[in-house]
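The block underneath contains the structure these notes are about, expressed in C-alpha cells.
Values quoted throughout were computed directly from the atomic coordinates according to the rules given, and no laboratory measurement underlies them. Note that the structure is predicted; figures quoted are calculated from it, not measured. Here the Cβ is made from the backbone with ideal geometry for all residues, glycine too, and neighbour counts use every protein chain on show.
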Protein chains: 2
Amino acid sequence: MLESTICTLIGISRSGYGSDVDIDSVCVVLVLREGILEMYNILNGIENVNPEQSSTLVCTETTENEDIDLEWQRAISGQTPGSFSPSYLLPADSGEGVTFAFLEQLMDILLQYILKSFDRSTKVIDFHYPNDLLEGFNWELDEQPNTLEDILMSCRTTLKYAVKTGHPRYFNQLSTGLDMVGLAADWLTSTANTNMFTYEIAPVFVLLEYITLKKMRAMIGWPGGCGDGIFSPGGAISNMYAMLIARYKLFPEVKEKGMAAIPKLIAFTSEHSHFSIKKSAAALGIGMDGVVLIKCDVRGRIIPSDLERRILEVRQKGFVPFYVSATAGTTVYGAFDPLVAIADICKKYNIWMHVDAAWGGGLLMSRKHRWKLNGVERACSVTWNPHKMMGVPLQCSALLVREEGLLQSCNQMNACYLFQTDKQYDLSYDTGDKALQCGRHVDIFKLWLMWRAKGTMGFEAQIDKCLDLAEYLYNKIKDREGFEMVFDGKPQHTNVCFWYVPPSVRYIQDKEERRNLLMKVAPQIKTRMMAFGTTMVSYQPQGDKVNFFRMVISNPAATQEDIDFLIEEIERLGHDL
Amino acid sequence: MLESTICTLIGISRSGYGSDVDIDSVCVVLVLREGILEMYNILNGIENVNPEQSSTLVCTETTENEDIDLEWQRAISGQTPGSFSPSYLLPADSGEGVTFAFLEQLMDILLQYILKSFDRSTKVIDFHYPNDLLEGFNWELDEQPNTLEDILMSCRTTLKYAVKTGHPRYFNQLSTGLDMVGLAADWLTSTANTNMFTYEIAPVFVLLEYITLKKMRAMIGWPGGCGDGIFSPGGAISNMYAMLIARYKLFPEVKEKGMAAIPKLIAFTSEHSHFSIKKSAAALGIGMDGVVLIKCDVRGRIIPSDLERRILEVRQKGFVPFYVSATAGTTVYGAFDPLVAIADICKKYNIWMHVDAAWGGGLLMSRKHRWKLNGVERACSVTWNPHKMMGVPLQCSALLVREEGLLQSCNQMNACYLFQTDKQYDLSYDTGDKALQCGRHVDIFKLWLMWRAKGTMGFEAQIDKCLDLAEYLYNKIKDREGFEMVFDGKPQHTNVCFWYVPPSVRYIQDKEERRNLLMKVAPQIKTRMMAFGTTMVSYQPQGDKVNFFRMVISNPAATQEDIDFLIEEIERLGHDL
C-alpha cells in the first residue's frame, strides 16, 4: 500500500499505447523527478540509478502490480489505461489528477531545458536545415487528437531543436539571457491569461504598468515621473507610436482627414538608426522618402551640424520637419547620438524629439554609464526595451511620452462595448484606448517582478558587468593578430564590432581582393559555428564595410571565460579559410 | 537521515528573515505539495493534516533539526539561511537547488490558482477599487532587492486580485477559458524565450507557424492552403496589416512617397464592425473620414445594396474605393456579414475584400456552423484570432493573405544586420521582414500544441458546445419575464444580447422614461456582480439601443448550470432596482 501511494503521489504514471496493447503488459511511464527518483529507490531498495535518466520518460514493458494499477486508474479519474487524452484535463470533471501530472511532467521538461541552457558543455543550437527539420518529424495538424504522451514528446522535440537563448555563449541578438524571476513572472502571466485593455479584467497588471511606467519616466529625468506611456509589442511598434503621436500633436486633423489634408512631413534620423523609423513612415502614409538620413561620425553617432543643415534644406523646400528620432544605442555599433545637441536643434526648430533607446535605455539604471544618455530628459518621447539590456523575457518594450493625454487623444475611438463611461471605478485606469491594439498582451509583470527581485541596484550590477565584459573583449582583441576593429576606441555600449582576418587574407595587399575575400569570412565562420553549435554571434555589413562580427553582451550568464572562448572559437573555425 | 533526505528532495525549504533572526529559531517554510505532504506525513507518522493547507506557505517558528538544517544549507548551495535572494538563482554557480525550489514553489502557486479558476465556489473576481489596491500593498520598485519570499508573496497577491478568466462563470470578453495544453505551451514558449524574426534563432517555431498558417488557409478554402500570413499582436493589428497591404497592392508607390502621392482612398465596413478599422485608417494616414460605415439589418449584418450604393457615391466624388472589411462575427451582436454578396460587389468594383473573422473564424472548425462564413474563400485577406473562439491563451491572432509575397514587399526594409543574404539556409524562412514589428513574440506554439492535442475535431466539439449553450440561453430567456431580447431570432454566434428589466421598470408606459431608467440597470447590476464576484458579463449601448447585456460564450468550462446561474444571478442582483 505504501508503495502504491507513493507511486501515485510522486507521479509515476502508466498508460497503454492504444487499445491493441495487452493490458497485462502495458508500458509503465516513470516520471522520474530528480530526488523523487532517489526517494522511490530508497523505499524500494533500488540502487545504481543513473542520474542522467532523471526527468526523462523511461518506457519499460512490465507486468502490473495491481495496487499501482488501481492508484493510476484512480489518478486518471476512472478512465482506463490507453485513454490518456486531453479531454481528461481540467476543466473536465475530476481532471485535477491528470492535469497536475501533465503540468508537472511539462515542468520537468522545462527545468531540464533551463539546466541545459546554463550548461556550457551543451550546444547553443542543434542546427538542422529547414527541410530536414520539417521532414524529420511529424508536425502535421490532424483531424484526430493526440495523446498527452505525444504532446509531451512534441515539447521535448521542440526544445531539443530550440536555440538556447539563455546560454552563456549565445550572443546573437540584443535580447539574450534567461532570468529566473522573469521566467516565473511570465509563467504567472500565462496562467492569469488576461488582457490589458481595462482595469476591470486586469486590475493588478494595470496598476503595475502605471507604477512601472512612472518609475521609468522618473529615471529618464522627467520631473516626478510625470507623463504617459504604454507597453507595446516591441521597439518597432513603440517607435511607430512615437511618430504617430508626433504627427498628431502638430496636425491633430490628420486623425480625421488623413495625410492628404496636411503638408508634407519630414522625419530625421541617423544613417545608423533602426529600420523601424522608415518602416513606420511607410506604414503611416508619410512615405519612406519622408525620412532623411543624417550622416554619422566614424563611431556611428549623428553629426548635429548635418542634422541642422538638412532641416533647413527641408524647410526651404516647403516641407515640414516634424520629427527627429535620435538613437541611444544603435543596433550595430551601439552608438549614442549626442542628445543634448539634438535637443537644442529640436527646440530651435520646434521639432518633436524622440529617442530610440530600445537598446541603450538599460544604461539609465547604471550610475556609471547613464551619462551616455544625457539629454534624454529633453525628449518628447522615448522607446526603451527592457527585454534587451535588462534581460526581461520577450516581449517587453515601453514607449514613454512626456505629454500626458496625447496617446489617448491620438488613438482613442471610444468603443462603447469596451470602455463604458458609466463604470463604477476611475476610468483613467482603462488604458486600452491609448493603444493601437485592442487586446494588449500583459508584458508588465515580468519587468515589475524582476525589478522587485533585483532592485534598481541589481539591474545596475548586471548591466555594468555586461559593459565590463565588452571592454574586456575590446582590450583582448584590439591588438590581437588576425583581429581588426571596425572602429577605434572603447565601446560605448556592449557592441564590439570586428573582423576576423584569416592568415590567407592577412597579407593580401590588393584592397579590392582583400575586401572580396574578407566579406565571405564571417558568414563562413557563422555557418561552422551553427554546425558545431558552440556559440552564436551576429555579423553584417554596414555602409562600405564588408561583413564583420557584431558582438553584443546582454546575457548576465556570460563571463570572461565565455569571451575568451568566443575569440578562440572564431580563430579555430576561421584560421583555415 | 532518511527524513532529511526526503525533506530536501520534496522541497521543504527553510530560510531566515534577515540576519537579525535567531538561527536556532528561524522559520521553516514548508512547501506542501499535495500528496508530497501526505507522504511526508506518512513517513513522520503525522495525521490529520488539513488538505486545504496544501500548497500554501506555512510559516511556523520551530527549533531546528540539525539534519534538515544541513540539507537545506546544502540545497541553497552553501549559503547561510537569511541570504535567500535572487542572486543565488541560476545562472549563479550551484544555483540549481535554489532555482528549482523557487520555480516549484511558484508552480504550486500556479496550480492552486488553476484549481480555483475552475472551482465554481470561488469568486471570479475579488474586486477592489484602484486606490484601495494601490494603497493596500507595497507595489513600489526600490533600489534594494527583495527576497524570494517577497517575490512569491507578490505572485500570490497578484493572483489573489486577478480576474479568473478561466472561471466557468467568466463571460466578460470574447477571450475566456484556460486551456491546459495551451498553458503548457505558453510556459514552454516563455522558457524558450526567443523571437520569430529569423529561422536561425527560432527554427521550430518558424516551421510551426508555416505549417499552421497553411492549415488555416486551407480551412478558409484557399486551394492547397496557398497564400501567406503572419501572427500579429491582436486582431486590431491584423486588421491594420490587411488595410496596409490592400493600399500597397493598389498603389505600391505609397510605400516610398506616402499618401500625398496617391488619390483619396475610401474603405467600407459596417456600422457594427470593430473600431480597429477606423483606428487603422487614422494611423495609416488615410483618416477616419476615409472609412464609410454601411448600414446593417436588425441583426447587425451589412446590407449589400447599401454597400454598393456607397461605393458608387464615392466613385462619383472621384475618390478610390479600395477596401471592404466585412465582419464574420461582430463584437456585440455576433453577426456574420453576407460574404458571398460582398465578394460579388468587391469583384465587380475591383476592391480588396478583407474579412475580419477575429471572433467568428473559429466557426471554420465546425462542420455544423462553418456555412455562416460561406464566401470567406473569396476574400483577399482574413483576420482570425485563435485566442478568441478557439480558447488559445492570449495573444494569438493571425492575418491570412491570399496573395503570396505581398506582406514581404509591402513591409520589407532589408535590414542587413538581421536578414543577411549570405546565410547558409533557405531565406524564405526568415519571416521577420514581413512584419511591422522587428522582434515578434512567439504566439504560434500554443495554437499548434492545442491543435495537436485536440485535433480539429476537438476544436469543433468545443465550439459546437459553446454555440449550443448560447442557444440554450436564448431559449431560456426569450420568453422569460423580465428579459427582453435586443433582436429576435436564434443567435448566429454565441452572442446573446438582452435587457434585464426590473419589476419597477417593467410596466412603465412612457418610452423616454423607460429608456432613461433601463439604461442604468445593466451598469448597476454589473457593479453588484463585480462586488459579489460571482460572475462577469459585459454590457454596452449600441446605436439607439440603451445599455444591454452582451453575453458571449467561448469558455469550454461553461455548462448549462452556469447559464442558469447567470440568469438567476442577474435577477437576484437586479430585481430591486
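With θ taken as phi - 60° and the coefficients 6.51, -1.76 and 1.60, list the Karplus ³J(HN,Hα) couplings across the range A:197-212 in order, rounded to whole Hz; mark glycine and proline as x.
5, 10, 4, 3, 10, 9, x, 5, 5, 5, 5, 5, 5, 4, 5, 6
Apply 1/(1 + (r/R0)^6) to the Cβ-Cβ distance of residue B:317 and residue B:344, taking R0 = 25 Å, and write down the FRET efficiency to the nearest 0.05. Write out the running numbers ahead of the final one.
Numbers: r = 23 Å, r/R0 = 0.92.
Plugging the Cβ-Cβ distance into 1/(1 + (r/R0)^6) gives 0.60.
Give me B:526, B:372, B:511, A:476 sorted ascending by neighbouring Cβ count inside 10 Å, so fewest comes first.
The fewest-first ordering by Cβ neighbours comes to B:511, A:476, B:372, B:526.
Using only alpha carbons, build the gyration tensor for the range B:75-164 and give me the equivalent ellipsoid semi-axes, biggest first, whole Å.
Details: eigenvalues 174, 68, 12 Å².
Over the Cα atoms of the range B:75-164, the ellipsoid semi-axes are 29, 18, 8 Å.
For a Förster distance of 51 Å, can you work out the FRET efficiency between the beta-carbons of residue B:561 and residue A:508, rounded to the nearest 0.05? Before the final figure, lay out the partial values.
Numbers: r = 81 Å, r/R0 = 1.58.
Calculated value: 0.05.
Compute the length gained on full extension between residue A:421 and residue A:153: take 0.36 nm times their separation in residues and subtract their Cα-Cα distance, giving the result in nm to one decimal.
Answer, rounded to one decimal: 91.6 nm.
Taking the Cβ-Cβ separation of residue A:94 and residue B:87 as r and a Förster radius of 41 Å, what is the calculated FRET efficiency to the nearest 0.05?
On the way: r = 42 Å, r/R0 = 1.04.
Efficiency computed from Cβ-Cβ geometry: 0.45.
Over 15 Å apart: what share of the alpha carbon pairs of the range B:119-223 falls there, rounded to a whole percent? Don't skip to the end; give the middle numbers.
Numbers: 4289 of 5460 pairs.
Distances greater than 15 Å cover 79 percent of the Cα pairs.
Please compute the modelled spin-label separation between residue B:128 and residue B:571, points set 7 Å along Cα→Cβ, answer in nm with one decimal.
Distance between the two pseudo-spin positions: 3.5 nm.
What residues have an amide H closer than 5 Å to that of residue A:291, excluding those fewer than 5 places away on the same chain, when H is modeled at 1.01 Å from N in the peptide plane?
A:267
Out of the trypsin sites (Lys or Arg not before Pro) in the range B:272-338, which ones are loop residues according to DSSP with at most 10 other C-beta atoms within 10 Å?
Details: sites: B:278, B:279, B:295, B:299, B:301, B:309, B:310, B:315, B:317; in loops: B:295, B:299, B:301, B:317.
In loop regions of the range B:272-338 (DSSP not H, G, I, E or B), the sparsely surrounded trypsin sites (Lys or Arg not before Pro) are B:317.
So in chain B, what percent of DSSP beta bridges are antiparallel if you round to the nearest 5? All intermediate terms of the calculation are to be shown ahead of the outcome.
Numbers: 28 of 47 bridges.
Close to 60 percent.
Where the centroid of each part is defined by its Cα atoms, how far is the range A:373-416 from the range B:498-577 in Å?
Taking the Cα centre of each part, the range A:373-416 and the range B:498-577 sit 38 Å apart.
Compute and list, largest first, the equivalent-ellipsoid semi-axes of the range A:331-393 from the alpha carbon gyration tensor, each √(5λ) rounded to a whole angstrom.
Working: eigenvalues 97, 29, 20 Å².
In descending order, the three semi-axes are 22, 12, 10 Å.
Provide the three semi-axes, in whole Å and in decreasing order, of the ellipsoid equivalent to the range A:198-321 as defined by the square roots of 5 times the Cα gyration tensor eigenvalues. Provide the component values of the computation, followed by the final result.
On the way: eigenvalues 184, 81, 36 Å².
Equivalent-ellipsoid dimensions as semi-axes: 30, 20, 14 Å.
Between the range B:127-180 and the range A:131-171, what's the alpha-carbon centroid distance in Å?
32
For A:406-416, what's the mean count of beta carbons from other chains sitting within 10 Å of each residue's beta carbon? Before the final figure, lay out the partial values.
Details: counts 0, 0, 0, 0, 2, 3, 3, 9, 1, 8, 7.
Mean partner shielding for this stretch: 3.
Would you work out if the range A:457-553 is rounded, prolate or oblate? Take a ≥ b ≥ c from the square roots of the eigenvalues of the alpha-carbon gyration tensor; rounded if a/c is under 1.5, else prolate when a/b is larger than b/c, oblate otherwise.
Working: a/c = 2.32, a/b = 1.69, b/c = 1.37.
Prolate, because a/c is 1.5 or more and a/b exceeds b/c.
Roughly what % of DSSP beta bridges within the range B:194-443 run antiparallel, to the nearest 5?
Bridges in the range B:194-443 are about 40 percent antiparallel.
Using the Kirkwood radius built from alpha carbon pairs, what does the Stokes-Einstein equation give as D for the protein assembly as shown at 25 °C and 0.890 mPa s, in µm² per second? Can you show the working numbers first?
Values: Rh = 31.0 Å.
In µm²/s, the coefficient is 79.
Taking a ≥ b ≥ c as the square roots of the eigenvalues of the Cα gyration tensor of the range A:194-443, is the shape rounded (a/c under 1.5), prolate (a/b larger than b/c) or oblate?
Details: a/c = 2.04, a/b = 1.31, b/c = 1.56.
Since a/c reaches 1.5 but b/c is at least a/b, the shape of the range A:194-443 is classed as oblate.
May I ask for the percentage of alpha-carbon pairs in the range A:350-503 that lie more than 27 Å from each other? Provide the component values of the computation, followed by the final result.
On the way: 5040 of 11781 pairs.
More than 27 Å apart: 43 percent of the Cα pairs in the range A:350-503.
For residue B:199, enumerate residues with amide H under 5 Å from its amide H, sequence gap 5+ or separate chain, H modeled in the peptide plane.
B:430, B:431
Taking the Cα-to-Cβ direction at residue A:303 and at residue B:303 and moving 7 Å from each Cα, how far apart do the two end points lie in nm?
A separation of 6.5 nm, rounded to one decimal place.
Using the number of other C-beta atoms within 10 angstrom as an exposure proxy, rank B:302, A:570 with the fewest first.
On the way: B:302 31, A:570 26.
By the 10 Å Cβ count, ascending: A:570, B:302.
Compare the Cα positions of B:238, B:303, B:267 along the charge dipole of the range B:194-443 (+1 at Cβ of Lys, Arg; -1 at Cβ of Asp, Glu; about the Cα centre) and return the one farthest towards the positive end.
After comparing all options, I get B:303.
If the viscosity is 1.306 mPa s and the temperature 10 °C, what Stokes-Einstein diffusion coefficient in µm²/s follows for chain B when Rh is the Kirkwood radius over Cα pairs? The partial results should precede the final answer.
Working: Rh = 27.0 Å.
D, rounded to a whole number, is 59 µm²/s.
May I ask you to derive the relative contact order of chain B, considering only C-alpha pairs under 8 Å and at least 6 residues apart, and to give it as an integer percent? Walk me through the numbers before you get to the answer.
Working: 999 pairs, mean separation 89.1, N = 577.
The value is 15 percent.
Name the residue from B:144, B:90, B:114 whose Cα lies farthest towards the positive end of the charge dipole of the range B:75-164, charges +1 on Cβ of Lys and Arg and -1 on Cβ of Asp and Glu.
The listed residue farthest towards the positive side: B:114.
Fully extended, how many nm does the chain gain between residue A:371 and residue A:487 (0.36 nm per residue separation, minus their Cα-Cα distance)? Could the numbers behind the result be given before it?
On the way: separation 116, 0.36 × 116 = 41.76 nm, distance 2.14 nm.
Length gained, residue A:371 through residue A:487: 39.6 nm.
Can you sort B:206, A:340, B:401, B:292 so the residue with the fewest Cβ neighbours within 10 Å comes first?
On the way: B:206 24, A:340 12, B:401 27, B:292 19.
Fewest to most other Cβ atoms nearby, the residues stand as A:340, B:292, B:206, B:401.
Can you work out ³J(HN,Hα) from phi for every residue in the range A:343-358, in order, using Karplus 6.51 cos²θ - 1.76 cosθ + 1.60 and θ = phi - 60°, giving whole Hz and x for Gly and Pro?
After applying 6.51 cos²θ - 1.76 cosθ + 1.60, I find 4, 4, 5, 4, 5, 4, 9, 6, 10, 5, 9, 9, 10, 7, 9, 3 Hz.
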